[in-house]
Amino acid sequence: MTQLPTVAVIGAGSSGIAALKGLRERGLDATCFEASDRIGGNWVFGNRNGMSAAYRDLHINTSRERMEYSDYPMPADYPDYPHHAQIAAYFDAYVDHFGIRDRIRFETKVEHAARREGGTWELTLGDGAVERFDALVVANGHHWDPRWPEPAFPGADTFRGVQMHAHAYVDNTSLADKDVVVLGMGNSAMDIAVESSYVARTTYLAARRGAWIVPKYLFGRPTDQLRNDPRIPFKIRQKAIHRLVKAYTGSPDRYGLPKPDHEFGESHPTVSGRILDRIQHGRVTPKPNIDRLDGDEVVFADGTRVHADVVVYCTGYKISFPFFDDDLISAPDNHIELFWRAFAPEIPNVFFVGLLQPLGAVMPLAEAQGAWIADHLRGEYALPAPADLRREMAEDQAYMRKRYVASKRHTIQVDFDDYLHKLKRELRDGAERAKARGFALPVPHRAPDRVQV
Ligand SMILES: Cc1cc2nc3c(=O)[nH]c(=O)nc-3n(C[C@H](O)[C@H](O)[C@H](O)COP(=O)(O)OP(=O)(O)OC[C@H]3O[C@@H](n4cnc5c(N)ncnc54)[C@H](O)[C@@H]3O)c2cc1C
Ligand SMILES: NC(=O)c1ccc[n+]([C@@H]2O[C@H](COP(=O)([O-])OP(=O)(O)OC[C@H]3O[C@@H](n4cnc5c(N)ncnc54)[C@H](OP(=O)(O)O)[C@@H]3O)[C@@H](O)[C@H]2O)c1
């Protein structure tokens, strides 16, 4: 029998463990490398890898039933929106439930991944060891490399207060009795502005663009559990949910926030059950974008200025692959074009898992991607012909550009239900193609064993 390719997985966060489980379940010899001493990545508060963005009181904003893996429910006594500690414990239990812990090499960072003759991957590990694999699955996360305002605001270099990125935010004790400016309209900005509002002297929420603020509940149910049938055209679903959100909160400009320049569903969802209350209680004051910093003051685009001790930039993250040479694989301005966010068109033995920004949760999508990649490596799913693959990718990019507000945060968007729904058809089509190709393995096994240097 032909030997299946060996596979390395980078990262044991929620994406890497789902991929590892899918690969192992389908008989592939897969090894996962994890820089930290534990699994869970972003969900491990104070993770010793230094990469987690979790703050002390972080709760998920996608409901637990949307976030859990398809074959491993979260404990029944979890609330709808559990705390990060419960989420990290759930991922830990998943690894034991599926018996894959022994395939994870903890405290083993992949420093460099290079493609050698014949295409095998050569991984240089933190201890200097070099190991080779036939295929590589990248699951290193994309919410750990902070994106600061680019360029920096005028006066940032001489500002007398503290400037920090949301990634470094731990809890609101550092904001007590301070004048705080929070910049951004994403979920980090919502959470941090709310937390600040309870202890700070003043909290200003500055934004260059408005957002539709989605409550955590509608009709007594988590909002993301409302029916969203991917067979109904997106425009119709968009109108329906837009009406509901508007009926619930009205337009954001009623609260002094900027009026969104787009419809609901055309930007990554901003979910908060609390921000509008805190604004209406007078504890958070909306402001337009920052224009410049001036000594110990922040000057906004409308010319108003406030004293500020702390500015928290909730300005998002960069997609980074520090272990690849830039000319091999990189994502300048978060731009990376992959087939279904998972397959690289030019390199047949590298795959990406969880490199997407869903309207919905990441985990079930990472799980589906892991199984899909495993089917591919077993020769049971074949990609479309190169011309078809290119055409599909171009269509996807064109759709994303048309639908979403132009921003570096909207380069890897997907709709949760649509992705899973369409994937079923793609898997059927790919299985037919694989059969027509005699189930040939797309990536041959040729990597030798561990190489010591
Ligand atoms: C504050 C915050 C809240 C969020 N809330 C939600 C939510 O409610 N719902 C949701 O679906 N998503 C949420 N997200 C998105 C988040 O990215 C996902 O929940 C999830 O953490 C993605 O998992 P991941 O495995 O892809 O990445 P990560 O969780 O970042 O895990 C990556 C893993 O790879 C390891 N690693 C990285 N580089 C290397 C290397 N070179 N060698 C070895 N190991 C390496 C890291 O140590 C880490 O363990 C949130 C993000 C943030 C920042
Ligand atoms: N409770 C939770 O579960 C929770 C909490 C926090 C974060 N998250 C998740 O973590 C991920 C990252 O969220 P995030 O909020 O940190 O980042 P984000 O979603 O990328 O949002 C960044 C925000 O900063 C703005 N911005 C960027 N650069 C700017 C600049 N130079 N000047 C002014 N504004 C600028 C963006 O505006 P534009 O739209 O104009 O680009 C956007 O409003 C998301 O997936 C989010 O859902 C979840």
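With 29 Å as the limit on Cα-Cα distance, the pairs of Lys216/Lys422; Lys239/Lys424; Lys21/Lys408 that go past it are Lys21/Lys408. Helices in the chain, meaning DSSP H runs of at least 4 residues, each add -39500 (n - 2.57). Divided by all residues, the mean residue ellipticity at 222 nm is -8000 deg cm²/dmol. How many angstrom lie between the Cα centre of the stretch 1-64 and the Cα centre of the stretch 93-127? Rounded to whole Å, the Cα centres lie 10 Å apart. With all pairs of different C-alpha atoms in the average, the Kirkwood value for the hydrodynamic radius of the stretch 167-291 is 15.3 Å. Put simply, the amide H of Asp296, placed in the peptide plane, has neighbours under 5 Å in Arg160, leaving out anything fewer than 5 places away on its chain.
What is the local net charge at Asp277, summed over the other residues whose Cβ is closer than 13 Å to its Cβ (Lys, Arg +1; Asp, Glu -1)? Charge balance near Asp277 sits at +4. Loop-located trypsin sites (Lys or Arg not before Pro) across the stretch 74-152 with a Cβ neighbour count of 11 or fewer within 10 Å are Arg116, with loop assigned by DSSP.
For the stretch 16-30, 3J(HN,Hα) computed residue by residue from phi via the Karplus equation (6.51, -1.76, 1.60; θ = phi - 60°) reads x, 6, 5, 5, 4, 4, x, 5, 5, 4, 9, x, 8, 7, 10 Hz, glycine and proline entered as x. For the peptides 3-13, 308-318, the ranking by packing is 3-13, 308-318, with the highest mean count of neighbouring Cβ atoms within 10 Å listed first.
Packing-based ranking of 334-340, 321-327 yields 334-340, 321-327, ordered from highest to lowest mean Cβ neighbour count within 10 Å. In order along the stretch 187-197, the Karplus-derived 3J(HN,Hα) couplings, from 6.51 cos²θ - 1.76 cosθ + 1.60 at θ = phi - 60°, round to 6, 5, 4, 4, 4, 6, 4, 5, 4, 4, 4 Hz, and Gly and Pro are given as x.
Under the shape rule built on the C-alpha gyration tensor, where the axes satisfy a ≥ b ≥ c, the stretch 332-415 is oblate, since a/c reaches at least 1.5 while a/b does not exceed b/c.
Straight Cα distances below 19 angstrom link Lys318 to the aspartates and glutamates Glu111, Asp145, Glu150, Asp326, Asp327, Asp333, Glu337, with same-chain residues fewer than 8 positions distant left out.
Averaging 1/r over every pair of different alpha carbons in the chain and inverting the result gives a Kirkwood radius of 23.3 Å.
Cα centroid separation, the stretch 143-202 to the stretch 347-423: 33 Å. Peptides 175-187, 72-84 ordered by packing proxy, namely the average of other Cβ atoms within 10 Å per residue, highest first: 175-187, 72-84.
Each reported figure results from applying straightforward, stated rules to the coordinates on display, with no laboratory input. Keep in mind that this is a model prediction, so the values were computed, not measured. Virtual Cβ from ideal backbone geometry, glycine too; neighbours counted across all protein chains shown.
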